Amino acid sequence: MSNYDIKDETLAEGGRRRIDWAEREMPVLRMIKERFKKERPLAGMRVSACLHVTTETANLMTTLQAGGADVVITASNPLSTQDDVAAALVNIYEIPTYAIKGEDNVTYYKHITAALDHKPQMTMDDGADLVSTIHKNRRELLSNIIGGTEETTTGVIRLRAMSADKMLEFPVIAMALANPLWMVSSAPRTFFLLAKCLSWQGMDGVDVAWLHVRVEWVPGLSLPKLIH
(Lines give C-alpha, C1' and ligand atoms only; values in the text may rest on other atoms or scores of the structure.)
Protein backbone atom coordinates (compact mmCIF):
# COMPACT_ATOMS: atom_id res chain seq x y z
CA MET A 1 0.00 0.00 0.00
CA SER A 2 1.25 3.51 -0.83
CA ASN A 3 1.49 6.18 1.84
CA TYR A 4 -2.19 7.00 1.46
CA ASP A 5 -5.48 5.37 0.54
CA ILE A 6 -8.38 7.73 -0.11
CA LYS A 7 -11.43 7.84 -2.35
CA ASP A 8 -10.76 10.72 -4.76
CA GLU A 9 -7.79 13.08 -4.88
CA THR A 10 -9.73 15.61 -6.96
CA LEU A 11 -11.82 16.47 -3.90
CA ALA A 12 -8.83 18.12 -2.21
CA GLU A 13 -9.63 21.77 -2.91
CA GLY A 14 -13.15 21.46 -1.52
CA GLY A 15 -11.70 19.76 1.55
CA ARG A 16 -9.17 22.55 2.03
CA ARG A 17 -11.92 25.19 1.97
CA ARG A 18 -13.91 23.33 4.61
CA ILE A 19 -10.82 22.79 6.79
CA ASP A 20 -10.08 26.53 6.60
CA TRP A 21 -13.68 27.31 7.50
CA ALA A 22 -13.56 25.01 10.53
CA GLU A 23 -10.31 26.60 11.70
CA ARG A 24 -12.09 29.93 12.09
CA GLU A 25 -14.14 28.36 14.88
CA MET A 26 -11.07 26.92 16.65
CA PRO A 27 -9.27 29.98 18.11
CA VAL A 28 -7.38 28.08 20.82
CA LEU A 29 -5.99 25.59 18.32
CA ARG A 30 -4.96 28.47 16.06
CA MET A 31 -2.98 30.01 18.92
CA ILE A 32 -1.32 26.67 19.66
CA LYS A 33 -0.44 26.27 15.98
CA GLU A 34 1.23 29.68 15.87
CA ARG A 35 3.27 28.84 18.95
CA PHE A 36 4.14 25.41 17.54
CA LYS A 37 5.41 26.98 14.32
CA LYS A 38 7.92 28.99 16.35
CA GLU A 39 8.94 26.44 18.98
CA ARG A 40 8.66 23.14 17.07
CA PRO A 41 8.25 21.08 20.29
CA LEU A 42 7.44 17.86 18.39
CA ALA A 43 10.31 18.01 15.90
CA GLY A 44 11.05 14.52 14.60
CA MET A 45 8.31 12.84 16.62
CA ARG A 46 6.45 10.13 14.68
CA VAL A 47 2.74 10.12 15.49
CA SER A 48 0.14 7.63 14.28
CA ALA A 49 -3.48 8.68 14.79
CA CYS A 50 -6.69 6.67 14.45
CA LEU A 51 -9.39 9.34 14.65
CA HIS A 52 -12.47 10.59 12.85
CA VAL A 53 -11.23 12.06 9.57
CA THR A 54 -13.17 15.32 9.66
CA THR A 55 -12.42 19.03 9.32
CA GLU A 56 -11.83 19.36 13.06
CA THR A 57 -9.35 16.48 13.18
CA ALA A 58 -7.62 17.82 10.08
CA ASN A 59 -6.88 21.03 11.95
CA LEU A 60 -5.47 19.02 14.84
CA MET A 61 -3.21 17.10 12.44
CA THR A 62 -1.91 20.26 10.77
CA THR A 63 -1.25 21.76 14.21
CA LEU A 64 0.87 18.74 15.20
CA GLN A 65 2.59 19.01 11.83
CA ALA A 66 3.34 22.68 12.50
CA GLY A 67 4.97 21.57 15.75
CA GLY A 68 7.35 19.35 13.82
CA ALA A 69 5.56 16.01 14.19
CA ASP A 70 5.68 13.43 11.41
CA VAL A 71 1.99 12.55 11.35
CA VAL A 72 -0.02 9.71 9.80
CA ILE A 73 -3.77 9.33 10.22
CA THR A 74 -6.24 6.52 9.63
CA ALA A 75 -10.00 6.64 10.11
CA SER A 76 -11.45 5.40 13.40
CA ASN A 77 -14.99 5.33 12.01
CA PRO A 78 -15.52 4.78 8.26
CA LEU A 79 -19.03 6.23 8.51
CA SER A 80 -17.77 9.62 9.68
CA THR A 81 -14.94 9.96 7.16
CA GLN A 82 -15.13 13.06 4.98
CA ASP A 83 -13.56 12.10 1.67
CA ASP A 84 -12.79 15.67 0.65
CA VAL A 85 -10.94 16.24 3.92
CA ALA A 86 -8.93 13.05 3.41
CA ALA A 87 -7.99 14.25 -0.08
CA ALA A 88 -6.89 17.65 1.24
CA LEU A 89 -4.76 16.07 3.96
CA VAL A 90 -2.92 14.05 1.32
CA ASN A 91 -2.62 16.49 -1.58
CA ILE A 92 -2.40 19.86 0.16
CA TYR A 93 -1.00 19.21 3.63
CA GLU A 94 1.07 16.16 2.65
CA ILE A 95 -0.14 14.09 5.60
CA PRO A 96 -0.36 10.36 4.81
CA THR A 97 -4.03 9.43 5.22
CA TYR A 98 -5.86 6.11 5.11
CA ALA A 99 -9.57 6.80 5.07
CA ILE A 100 -12.44 6.03 2.72
CA LYS A 101 -16.02 6.71 3.71
CA GLY A 102 -17.86 3.39 4.06
CA GLU A 103 -14.74 1.23 3.83
CA ASP A 104 -15.26 -2.42 4.78
CA ASN A 105 -13.77 -4.17 7.78
CA VAL A 106 -10.90 -5.70 5.81
CA THR A 107 -9.87 -2.30 4.45
CA TYR A 108 -10.22 -0.73 7.90
CA TYR A 109 -7.65 -3.10 9.41
CA LYS A 110 -5.35 -2.75 6.39
CA HIS A 111 -5.40 0.97 7.12
CA ILE A 112 -4.61 0.35 10.80
CA THR A 113 -1.62 -1.73 9.71
CA ALA A 114 -0.47 0.99 7.31
CA ALA A 115 -0.63 3.62 10.04
CA LEU A 116 1.46 1.41 12.32
CA ASP A 117 4.02 0.85 9.58
CA HIS A 118 4.93 4.47 10.35
CA LYS A 119 6.63 3.07 13.51
CA PRO A 120 5.06 5.65 15.82
CA GLN A 121 6.60 7.02 18.97
CA MET A 122 3.18 8.31 20.02
CA THR A 123 -0.34 7.08 19.27
CA MET A 124 -3.67 8.92 19.19
CA ASP A 125 -6.67 6.63 19.42
CA ASP A 126 -10.45 6.85 19.24
CA GLY A 127 -11.52 3.40 20.39
CA ALA A 128 -8.10 1.88 21.25
CA ASP A 129 -7.69 -0.02 17.99
CA LEU A 130 -4.12 1.20 17.47
CA VAL A 131 -3.05 0.29 20.99
CA SER A 132 -4.82 -3.07 20.86
CA THR A 133 -3.28 -3.97 17.50
CA ILE A 134 0.19 -2.98 18.67
CA HIS A 135 -0.05 -5.23 21.72
CA LYS A 136 -1.52 -8.17 19.79
CA ASN A 137 0.18 -8.09 16.39
CA ARG A 138 2.89 -5.43 16.27
CA ARG A 139 4.80 -5.93 19.49
CA GLU A 140 8.08 -5.02 17.81
CA LEU A 141 6.86 -1.40 17.94
CA LEU A 142 6.51 -1.28 21.73
CA SER A 143 10.10 -0.41 22.55
CA ASN A 144 9.93 2.90 20.67
CA ILE A 145 6.55 4.11 21.92
CA ILE A 146 6.59 6.86 24.55
CA GLY A 147 2.83 6.96 25.13
CA GLY A 148 -0.54 7.71 23.63
CA THR A 149 -3.93 9.34 24.01
CA GLU A 150 -7.45 7.87 23.97
CA GLU A 151 -10.49 9.97 23.08
CA THR A 152 -13.45 7.74 23.90
CA THR A 153 -15.08 6.11 26.91
CA THR A 154 -15.22 2.82 24.99
CA GLY A 155 -11.49 2.99 24.37
CA VAL A 156 -10.80 3.78 28.02
CA ILE A 157 -12.78 0.69 29.07
CA ARG A 158 -10.67 -1.46 26.76
CA LEU A 159 -7.45 0.09 28.06
CA ARG A 160 -8.46 -0.31 31.69
CA ALA A 161 -9.14 -3.99 31.04
CA MET A 162 -5.69 -4.34 29.48
CA SER A 163 -4.13 -2.49 32.40
CA ALA A 164 -5.94 -4.67 34.95
CA ASP A 165 -4.55 -7.75 33.19
CA LYS A 166 -1.07 -6.13 33.19
CA MET A 167 -1.08 -6.16 29.39
CA LEU A 168 -0.82 -2.41 28.74
CA GLU A 169 2.87 -1.72 28.17
CA PHE A 170 2.93 2.05 27.69
CA PRO A 171 1.04 4.94 29.31
CA VAL A 172 -2.08 6.34 27.65
CA ILE A 173 -3.78 9.62 28.57
CA ALA A 174 -7.54 9.11 28.86
CA MET A 175 -8.86 12.31 27.31
CA ALA A 176 -12.43 11.00 27.66
CA LEU A 177 -12.17 11.38 31.46
CA ALA A 178 -11.24 15.06 31.39
CA ASN A 179 -14.02 17.23 32.81
CA PRO A 180 -13.32 20.04 30.29
CA LEU A 181 -14.09 17.63 27.45
CA TRP A 182 -17.38 16.67 29.09
CA MET A 183 -18.30 20.30 29.60
CA VAL A 184 -17.62 21.47 26.06
CA SER A 185 -18.58 18.33 24.16
CA SER A 186 -20.64 15.53 25.64
CA ALA A 187 -23.07 17.44 27.82
CA PRO A 188 -23.93 20.29 25.42
CA ARG A 189 -24.31 17.76 22.61
CA THR A 190 -26.66 15.66 24.75
CA PHE A 191 -28.81 18.65 25.62
CA PHE A 192 -28.83 19.80 21.99
CA LEU A 193 -30.03 16.37 20.88
CA LEU A 194 -32.70 16.48 23.57
CA ALA A 195 -33.89 19.79 22.18
CA LYS A 196 -33.96 18.35 18.67
CA CYS A 197 -36.02 15.40 19.87
CA LEU A 198 -38.49 17.71 21.56
CA SER A 199 -38.64 19.74 18.37
CA TRP A 200 -39.39 16.61 16.36
CA GLN A 201 -42.25 15.92 18.77
CA GLY A 202 -43.83 19.25 17.88
CA MET A 203 -42.26 21.41 20.60
CA ASP A 204 -40.63 23.81 18.17
CA GLY A 205 -40.32 26.59 20.72
CA VAL A 206 -37.65 24.82 22.80
CA ASP A 207 -34.83 27.17 23.75
CA VAL A 208 -31.58 25.24 23.26
CA ALA A 209 -29.57 27.95 25.07
CA TRP A 210 -31.77 27.43 28.15
CA LEU A 211 -30.95 23.73 28.10
CA HIS A 212 -27.22 24.42 27.80
CA VAL A 213 -27.14 26.44 31.01
CA ARG A 214 -28.04 23.31 32.94
CA VAL A 215 -24.49 21.94 32.53
CA GLU A 216 -23.13 24.53 34.97
CA TRP A 217 -23.36 22.07 37.89
CA VAL A 218 -20.48 20.01 36.49
CA PRO A 219 -17.68 19.65 39.11
CA GLY A 220 -14.49 21.67 38.84
CA LEU A 221 -12.00 21.09 36.07
CA SER A 222 -9.58 18.21 36.29
CA LEU A 223 -6.72 16.96 34.17
CA PRO A 224 -7.11 13.90 31.94
CA LYS A 225 -6.41 10.61 33.70
CA LEU A 226 -3.38 8.46 32.92
CA ILE A 227 -3.89 4.76 32.34
CA HIS A 228 -0.99 2.41 32.86
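Let's see how each residue does on (1) under 20 Å from Thr149 (Cα atoms); (2) polar (S, T, N, Q):
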{"residue": "Val85", "(1), (2)": "no, no"}
{"residue": "Ala88", "(1), (2)": "no, no"}
{"residue": "Glu94", "(1), (2)": "no, no"}
{"residue": "Glu103", "(1), (2)": "no, no"}
{"residue": "Tyr109", "(1), (2)": "yes, no"}
{"residue": "Gln121", "(1), (2)": "yes, yes"}
{"residue": "Met124", "(1), (2)": "yes, no"}
{"residue": "Gly127", "(1), (2)": "yes, no"}
{"residue": "Ser132", "(1), (2)": "yes, yes"}
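The set of residues in segment 1-36 being assigned to a loop (DSSP other than H, G, I, E, B) and either outside the structural domain of Ile92 (by TED's automatic domain parsing) or under 16 Å from Ile95 (Cα atoms) (or both) consists of Met1, Ser2, Asn3, Tyr4, Ile6, Lys7, Asp8. Per the listing Thr123, Thr107, Thr133, Thr97, the residue uniquely at pLDDT 95 or above and in contact with a Gly (Cβ under 6 Å, 6 or more places away or on another chain) is Thr123. Count of segment 90-130 residues, restricted to those that are crowded, with 24+ Cβ neighbours inside 10 Å, in contact with a helix residue (DSSP H, G or I) (Cβ under 6 Å, 6 or more places away or on another chain) and under 15 Å from Thr57 (Cα atoms), is 5. The residue list Ala49, Ala75, Ala87 contains one member that is surrounded by 23 or more Cβ atoms within 10 Å (Cβ to Cβ) and over 16 Å from the mean Cα position of the chain (by Cα), which is Ala87. From the list Gly148, Gly155, the one residue that fits, being in a helix (DSSP H, G or I) and small (Gly, Ala, Ser), is Gly155.
A count restricted to segment 91-114 and to residues that are more than 25 Å from Asn137 (Cβ to Cβ) and either within 17 Å of the chain's Cα centre (by Cα) or not aliphatic (A, V, I, L, M) (or both) stands at 4.
Could we say that Leu142 is buried (at least 20 other Cβ atoms within 10 Å of the Cβ) and in the same structural domain as Leu64 (by TED's automatic domain parsing) here? It is false that Leu142 is buried (at least 20 other Cβ atoms within 10 Å of the Cβ) and in the same structural domain as Leu64 (by TED's automatic domain parsing). Within segment 163-181, residues that are acidic (Asp, Glu) reach partners that are modelled with pLDDT of 95 or more and surrounded by fewer than 19 Cβ atoms within 10 Å (Cβ to Cβ) with beta carbons closer than 7 Å, at six or more positions or on different chains, in the pairs Glu169/His135; Glu169/Leu142. Is there a residue being buried (at least 21 other Cβ atoms within 10 Å of the Cβ), under 20 Å from His111 (Cα atoms) and either modelled with pLDDT under 95 or not basic (Lys, Arg) (or both) anywhere in segment 15-37? The answer is no; no qualifying residue exists.
The values are calculated or read from the model by the stated rules, or taken from the named source; none is laboratory data. Note that the structure is predicted; figures quoted are calculated from it, not measured. Because the Cβ atoms are built from the backbone with ideal geometry, glycine has one as well, and the counts that use them run over all protein chains shown.
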